[in-house]
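Data block below; observations after.
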Amino acid sequence: MAVEIKGSVGRLGNNNADDVVTVQQLLLQQGLAIGQADGQCGPRTIAGITTFQSGFLNHPDGLVEPRGKTLQRLNMVGFKPSTTSSVAPKVTSPQAINQAVPSEVSGSITRLVRRSSLGVLNPGLGAVNNTYMIDKLGKPRESFSADCQAVTNDRLKKYIHTASVGPFRATGLKPAVESLRVIMSEISTKHPDIYTALGSAGMLCCRYVRGSTTSISNHSWGTAIDLTLKGVLDKRGDGMVQYGLTLMAPIFNSHGWYWGAAFHTEDAMHFEVGRALLETWLPDLK
Ligand SMILES: [Zn+2]
């Protein structure tokens, strides 16, 4: 049954405590780390609403209205009764406690939150597959393995470029490196705490997708990057993502980059150039 609110909640909203609790519970059920459902509409609640809206609105306003689209979506996407989300996970060792309980109290950008429903990730963006990449840019090299190897394709080599993108230097396809610099500059304005914690775990790297012996990683063309927060890599394939990555994803998306959190094997540290963006560069990559 759909949950209702009497007044608006969020930025410049009525923010009646009962309604705020209702919205906070819905946000928590979506895996957004907004802290406790305490009835106080603070910056974290508003950030949670905005993050949620960025999955389907071009201009998130941080406000949930009684009969608006955001409440409709909150009710629709992955809704679970609150009784299940309030059950504490069973833990067996101190190490397991760290992994199983998102440390919402710590306020850390590296704390883990559940990946959003796939339907709200990468709105309007398409990933690129090997057939497309090989067709448009050629094979980066003849043979691949699990390890990074050099590009041998002469045409592609011409467009491999190294530059500072802000928090670190990156080597990749020239327009991708330039696009990254613009994205990093926007992150530095919107999320300075994340910007200072950002590191790279590699951009250009000719290899197979991890765990595969047939599928070539888009890192091989220098159009993908793996990011660390405070030096920590998000664990691949566990369906949990670092909170800071969820805040950066809408920025990458708005610049045409696809977030690996939506891959079949969740890869939240990974961002890559989406199909539409790559298409705009092709005339210059002859
Ligand atoms: Zn990657």
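The values are calculated or read from the model by the stated rules, or taken from the named source; none is laboratory data. Given the structure is predicted, the values throughout are model-derived calculations rather than measurements. Neighbour counts run over all protein chains shown; Cβ positions are idealised from the backbone, glycine included.
Here are some notes:
- Selection count, the stretch 134-164, where residues are within 27 Å of Gly199 (Cβ to Cβ) and assigned to a loop (DSSP other than H, G, I, E, B): 10
- Inclusion of Gly31 among residues that are crowded, with 20+ Cβ neighbours inside 10 Å, of a type outside the set (A, V, I, L, M, F, W, C) and in a loop (DSSP other than H, G, I, E, B) is warranted.
- Looking across the stretch 207-225, the residues that are more than 9 Å from the ligand (Cβ to nearest atom), more than 11 Å from Thr171 (Cα to Cα) and touching a Ser or Thr at 6+ places or on another chain (Cβ under 8 Å) come down to Arg207, Tyr208, Gly211.
- Meets criteria (of a type in the set (Phe, Trp, Tyr) and within 16 Å of the ligand (Cβ to nearest atom)) for Trp281: no
- Residue check for Val232: among the aliphatic types (A, V, I, L, M), surrounded by fewer than 20 Cβ atoms within 10 Å (Cβ to Cβ) and more than 17 Å from Ile160 (Cα to Cα): yes
Table: residues versus (1) out of contact with any Ser or Thr (no Cβ under 7 Å at 6 or more places or on another chain); (2) assigned by TED's automatic domain parsing to the domain that holds Gln242; (3) in a loop (DSSP other than H, G, I, E, B); (4) modelled with pLDDT under 90.
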| position | (1), (2), (3), (4) |
| --- | --- |
| Met1 | yes, no, yes, yes |
| Glu4 | yes, no, yes, no |
| Gln24 | no, no, no, no |
| Gln40 | yes, no, yes, no |
| Arg44 | yes, no, no, yes |
| Ala47 | yes, no, no, yes |
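- Residue among Thr189, Thr214 that alone is farther than 21 Å from Met269 by Cβ, without any contact (Cβ under 8 Å) to a residue 40 or more places away in the chain, in contact with a strand residue (DSSP E or B) (Cβ under 9 Å, 6 or more places away or on another chain) and not acidic (Asp, Glu): Thr214
- Residue ID - farthest from the ligand (Cβ to nearest atom), chosen from residues in the stretch 264-276 that are under 17 Å from Gly211 (Cα atoms) and at pLDDT 95 or above: Glu266
- Every pair of residues 6+ apart whose Cβ atoms lie under 7 Å, when the first sits in the stretch 193-206 and is over 30 Å from Lys139 (Cβ atoms) while the second is within 11 Å of the ligand (Cβ to nearest atom): Leu198/Leu227
- Selection count, the stretch 196-205, where residues are more than 13 Å from the ligand (Cβ to nearest atom) and more than 16 Å from the chain's Cα centre (by Cα): 1
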